[in-house]
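A short worksheet on the structure shown next.
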Amino acid sequence: MGIGVAGLVGALTGAVIAAIGIVVTVVEGRRTRRNAAFSVHRDLWWQRWSWVADRALSADVTERERAALMAQALMSRSWVTTTTSGLKRRSRASTNRPHTGSRTKRSRTMISDIDDREFKRRLDRMERNYPSLLADPHCGPLLRAEGGPERLAAARREWREREERARARRLRWEASVGEG
């Protein structure tokens, strides 16, 4: 009977050690996967900011404009840390998005508070830079997630509206000159 009890104790001890081994393996596997995911995230973050820094220091104006657009896209991502939230607020203040806040008496003639020349310059810059940024494997997904194509379409609509309003003002002026 002593050998049977010793065998049972040995079997139970082996089962407990095996269960502990399984638990340790699962916990270690989760930790390893979490660290690997963080490492991949950090590497992508580094690649994207390296891309921005490389183009921001370029002698080509178009490349610098692309870097500015991409930096703004990177700062608006949800995974930007809270320590950069002040920068995030400042970068949103200088975006190309149409003004959607309350309009003053002066801005009733325009959709946004920017004058037509400045708006056209910004739209031309967007038209020139967005296609190449959207085609880029690093920048494209971020710009699409941020709504870059929709922002470009909204800017195009606003420009058409601005042209219509300018045409209406010109017609009103011509009519007033013709009458008087």
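Here, each number is a calculation from the coordinates, and none is a lab measurement. These numbers come from a predicted model, not from an experiment. Every residue, glycine as well, gets a Cβ built from its backbone with ideal geometry; the counts of neighbours run over all protein chains shown.
Could I have the simple spin-label model distance between TRP173 and ARG42, label points 7 Å from Cα toward Cβ, reported in nm to one decimal?
It works out to 6.1 nm between the two label points.
Pulled fully out, how much extra length does the chain show between LYS120 and THR62, if you take 0.36 nm times their separation in residues and subtract their Cα-Cα distance?
Value of the extension gain: 19.3 nm.
Which of rounded, prolate, oblate describes region 125-180, given a ≥ b ≥ c as roots of the alpha-carbon gyration tensor eigenvalues and a/c under 1.5 marking rounded, otherwise prolate only if a/b is larger than b/c?
On the way: a/c = 8.93, a/b = 4.37, b/c = 2.05.
Prolate, because a/c is 1.5 or more and a/b exceeds b/c.
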